[in-house]
Amino acid sequence: MTPTQPLLAAIAAQDFAALRACLADSVTFRALVPPGVLEFDDADTAVKRFRRWFGGPDTVEVLEAAVGEIGDKTSLRWRVRRTAPDGTVRLVEQHLFLTGGDHIETVDLLCSGFVER
């Protein structure tokens, strides 16, 4: 089982050092997001992407999360609300399929994009 709970907790806390600790150095990260496909083969670049999505002065709140397994993969789904200091609210939902042991070795991610509410 991959370290899904620490990954989700790190995102909710905007703790990108903790998120980095969940990932193998050579993690394969593939994502389908608006506006297209992203692909990285290292943890630091993957963390930069999560920081871009969930970092900064906004408040991040996990509204829903679910964990499951499908074959040798862990599935993780979350819906997050980001609230900017000016009160602007955006929602995003991401579905991840992960492999690995003590560290996440592959991430396949599908993202709704941020939707202003």
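So, Arg49, is that one under 14 Å from the mean Cα position of the chain (by Cα) and not in a strand (DSSP E or B) or not? Against the criterion (under 14 Å from the mean Cα position of the chain (by Cα) and not in a strand (DSSP E or B)), Arg49 qualifies.
Regarding Asp72, is this residue in contact (Cβ under 8 Å) with a residue 60 or more places away in the chain, more than 20 Å from Ala13 (Cα to Cα) and of a type in the set (Asp, Glu)? When the stated conditions are applied, Asp72 does not pass them.
Pairs linking a residue in the stretch 29-53 that is farther than 20 Å from Pro6 by Cβ to a residue that is part of a helix (DSSP H, G or I) and aromatic (Phe, Trp, Tyr), with Cβ atoms under 9 Å and 6 or more positions apart or on different chains, are Val33/Trp53. If only residues of the stretch 99-117 that are within 15 Å of Ala21 (Cβ to Cβ) and buried (at least 17 other Cβ atoms within 10 Å of the Cβ) are counted, the one that is farthest from the chain's Cα centre (by Cα) is Gly100.
Check Asp44 against each of (1) modelled with pLDDT of 95 or more; (2) among the acidic types (Asp, Glu); (3) surrounded by 15 or more Cβ atoms within 10 Å (Cβ to Cβ) and name the one condition it does not meet. That leaves (3) as the condition not met. With respect to the conditions (1) more than 26 Å from Ala24 (Cα to Cα); (2) in contact with a Pro (Cβ under 7 Å, 6 or more places away or on another chain), Leu91 lacks only one, and its number is (2).
From the list Glu39, Glu69, Glu64, Glu93, which residue is surrounded by 15 or more Cβ atoms within 10 Å (Cβ to Cβ) and either assigned to a loop (DSSP other than H, G, I, E, B) or of a type in the set (Asp, Glu) (or both)? Outline the logic, then answer.
Working: Glu39 fails: surrounded by 15 or more Cβ atoms within 10 Å (Cβ to Cβ); Glu69 fails: surrounded by 15 or more Cβ atoms within 10 Å (Cβ to Cβ); Glu64 fails: surrounded by 15 or more Cβ atoms within 10 Å (Cβ to Cβ).
That would be Glu93, the only listed residue that is surrounded by 15 or more Cβ atoms within 10 Å (Cβ to Cβ) and either assigned to a loop (DSSP other than H, G, I, E, B) or of a type in the set (Asp, Glu) (or both).
Among all positions in the stretch 20-29, there is at least one residue which is in contact with a Lys or Arg (Cβ under 9 Å, 6 or more places away or on another chain) and either part of a strand (DSSP E or B) or within 19 Å of Phe114 (Cβ to Cβ) (or both).
A single member of Asp108, Asp44 is closer than 21 Å to Arg30 by Cβ and part of a helix (DSSP H, G or I), and it is Asp44.
Please find, among Thr88, Thr45, Thr59, the residue that is of a type outside the set (Gly, Ala, Ser), touching a strand residue (DSSP E or B) at 6+ places or on another chain (Cβ under 9 Å) and closer than 17 Å to Cys111 by Cβ. It would help to see each step written out before you state the result.
Numbers: Thr88 fails: closer than 17 Å to Cys111 by Cβ; Thr59 fails: closer than 17 Å to Cys111 by Cβ.
Among Thr88, Thr45, Thr59, only Thr45 is of a type outside the set (Gly, Ala, Ser), touching a strand residue (DSSP E or B) at 6+ places or on another chain (Cβ under 9 Å) and closer than 17 Å to Cys111 by Cβ.
Take the conditions (1) farther than 18 Å from Pro3 by Cβ; (2) outside any helix (DSSP H, G or I); (3) under 14 Å from the mean Cα position of the chain (by Cα); Pro85 misses just one of them, which is (3).
Among the residues of the stretch 55-74, are any basic (Lys, Arg) and within 20 Å of Gln5 (Cβ to Cβ)? Within the stretch 55-74, one or more residues are basic (Lys, Arg) and within 20 Å of Gln5 (Cβ to Cβ).
The values are calculated or read from the model by the stated rules, or taken from the named source; none is laboratory data. Remember, it's a predicted structure, so these values are computed and weren't measured experimentally. Using ideal geometry, Cβ is built from the backbone for each residue, glycine included, and neighbour counts are taken over all protein chains shown.
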